[in-house]
Structures are given as C-alpha cells and as structure tokens.
Amino acid sequence: MRLIIVGPPGAGKGTQAELLSETLGIPHISTGDLFRANISQGTPIGLEAKKYLDAGDLVPPEITINMVRERLGEPDAAKGFLLDGFPRSVEQAEALTGILADLGVGLDGVLSIVVDEDAVVGRMLARGRADDTEDVIRNRMRVYTAETSPLLDHYADRIIEVDGMGEVAAVQQQILGKLGR
Ligand code: ADP
C-alpha cells in the first residue's frame, strides 16, 4: 500500500503512522523525522534545514523534494510506504506525482486526520519537542492553513477522512476499518 497521512500539527499523524506502518509492514517515512535525524547528525541537509524547523517554516522545496525522492528510491519502499509530513504543499504534491510516475507506481489513498486545532495545542506543548513552543506552534498552524490545507482539495478524490480526536487506539481502529483491514 502507498499512503499519505495529512493533518494539522499535533493531529497525531506520527503516532498513527507508526502503528499503521507496523500493521501493514511498510516503512513510515516522516520528513520531520528525516530532517531531525539530519540535524542531529550535522549533515549538510541538517545544517540547512535547522533554521526552518526552529521557526516552524517549510524547508525549501528543492531540499525537501530531493530528500524524499532519494528515500522513496530505497529498497524497503518498493513494497509500499506511508508518507507523513510530505507533501505539505501543492507544489510538493505535484513533485510527488512526478516521483511516483518515475517509479512506475500509484497512490492508494490519502488519510486526513481531522482535529480541533485549538484542542491539540495542549498535546504539542506536553510533547516538549524543540519546535513545540507556543509561537512556533502558532506559525506551524498558519503554514498548515496557507500551504498544506489546499491538499485536501488537490486530493479530494482519494481522501479518507479520520476523526483524530479520540484515543490513540480508537483512531487506529478507525483507520484500519476505513482501509478495510
Ligand atoms: P508537525 O506535524 O507537528 O508539524 P513534523 O515533524 O511533520 O511536525 O514537521 C516539523 C517541521 O519539519 C516543519 O515545521 C517543517 O519545518 C519541517 N518539514 C517537515 N516536513 C516538511 C515538508 N514536507 N516540507 C518542508 N518542511 C517540512
């Protein structure tokens, strides 16, 4: 299966994606995790990306798209993947279409995790990640509304909507049900 998971910051994408990738036996590919790994290892991508993550802004498209293209070309992604945090703009979605066409594969669905954005700010503050301070969270929400939410229209014909306000296990059950698992 080849899936995308989208939702506002704090929607629980990473948590749900991790569980789902284990059940489906496909890699969970999170661009946020890839950037954080690059930052902690001090790679050229990490050095460039850090200021954007710190501010809650999108890392420039060339860097992000090339990183995803490389990751999707790795052998484990041949059996399917769950993309988390990418695409995050219509431009990135169009790039993904090209990457998948080059790989000769399609997309099976786009999971959209729907939450009350005010209610999830508390979840993020509790998580305590470096970019989970109130003003950076507010900027990530702004970026989500402006850049990422148009993806819901872009992918309208394959959106699978999930109510993300329940318990972790209940949300996961809902996702599996909607995927027919
Ligand atoms: P969250 O879902 O809580 O916003 P992520 O781990 O998905 O957290 O993303 C953290 C940060 O990583 C973003 O604010 C952004 O700076 C960067 N990032 C992640 N994915 C992308 C992407 N597809 N394009 C550009 N920047 C990205």
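Hey, got the Cα dimensions of the chain along the principal axes, in Å, largest first?
39, 37, 29
Using 0.36 nm per residue of separation minus the Cα-Cα distance, give me the extension gain between Arg129 and Met165 in nm, one decimal.
Extra length from Arg129 to Met165 when fully extended: 10.9 nm.
Expected output is a single nm value to one decimal: the length gained when fully extending between Glu22 and Lys178, i.e. 0.36 nm times separation in residues minus the C-alpha distance. What is it?
54.5 nm
How far apart, in nm, are the 7 Å Cα→Cβ label points at Met1 and Tyr52?
Output for this residue pair reads 2.9 nm.
Do the sum for the chain: with -39,500 (n - 2.57) for every DSSP H run of n ≥ 4, divided by all residues, what is the mean residue ellipticity at 222 nm, to the nearest 500 deg cm²/dmol?
After summing the helix terms and dividing by the residues of the chain, the value is -16000 deg cm²/dmol.
Note down the relative contact order for region 1-65 as a percent, whole number, built from C-alpha pairs under 8 angstrom at least six residues apart.
Here the relative contact order equals 17 percent.
Would you mind calculating the gained length between Val90 and Ser40 on full extension (0.36 nm times residue separation, minus the Cα-Cα distance), in nm to one decimal?
Result for the pair: 15.1 nm of gain on full extension.
Taking Lys178 as the anchor, which lysines have their alpha carbon closer than 21 Å to its alpha carbon, excluding any fewer than eight residues away along the same chain?
Straight-distance partners of Lys178: Lys13, Lys79.
No lab work stands behind these numbers, since they all come straight from the coordinates. The structure presented is a predicted model; accordingly, all values stated were derived computationally and were not measured. Neighbour counts are summed over all protein chains in view; Cβ atoms, including those assigned to glycine, are modelled from backbone coordinates with ideal geometry.
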